[in-house]
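Please read the structure below before turning to the comments.
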Amino acid sequence: MEAARERLKRLVAYAETKGARILLENHTQRPEKAEIHYIPVSFAEWRYFFDGIQSPHFRLSFTANHAHLIPEGVAGFCDALDFGRVDEVRLRRLRPARSRGAPQARRRGSGLRDMFRRIEGKGFTGHYTNAFGTLDDMLAARDYLVAKAAAAGVK
């Protein structure tokens, strides 16, 4: 963790000279015997990097489906995050429903309305990115996700 943070500090310092932004994504745990283990996974790990690197060029990319897989869950992540530091919310692991063309969460009860309500309620001003399937899948999902956000009270 310490070595990773030091590398990120150097990367962010370089990004500052170029006017670029570095987005750090929350990751998912891999099986214990996996060849690679990603960091940060938990909110505590994510915070380790953000408490140690203070720069307007170092921002967050929140991948909601990864938060489903840890004890805090999406609700816990959303409640704990300072959305003033989040530039992107990535929506992954969605696929079009076979019958309606509307996307359907791979995990039942994904709580899209609750997620949108929490994120938008904290003043999120960044963008959402559909990151699943084909371009047609992502485009088809856009109206469905906007409807879920509207159902949560998002304007």
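Considering each residue of the stretch 130-150 in turn, at least one proves to be open to solvent by less than 50 Å² (accessible area, probe 1.4 Å), under 17 Å from LEU60 (Cα atoms) and touching a helix residue (DSSP H, G or I) at 6+ places or on another chain (Cβ under 9 Å). Screening GLN104 on (1) at pLDDT below 90; (2) open to solvent by less than 70 Å² (accessible area, probe 1.4 Å); (3) not in a strand (DSSP E or B) shows it passes everything except condition (3).
The values are calculated or read from the model by the stated rules, or taken from the named source; none is laboratory data. The structure displayed is predicted, hence computed values, not measured ones. Here Cβ is always computed from backbone atoms with ideal geometry, including for glycine, and neighbour counts include all displayed protein chains. Remember, those area values only see protein heavy atoms, side chains included, never the ligands or the DNA or RNA. Shrake-Rupley method; radii C 1.70, N 1.55, O 1.52, S 1.80 Å.
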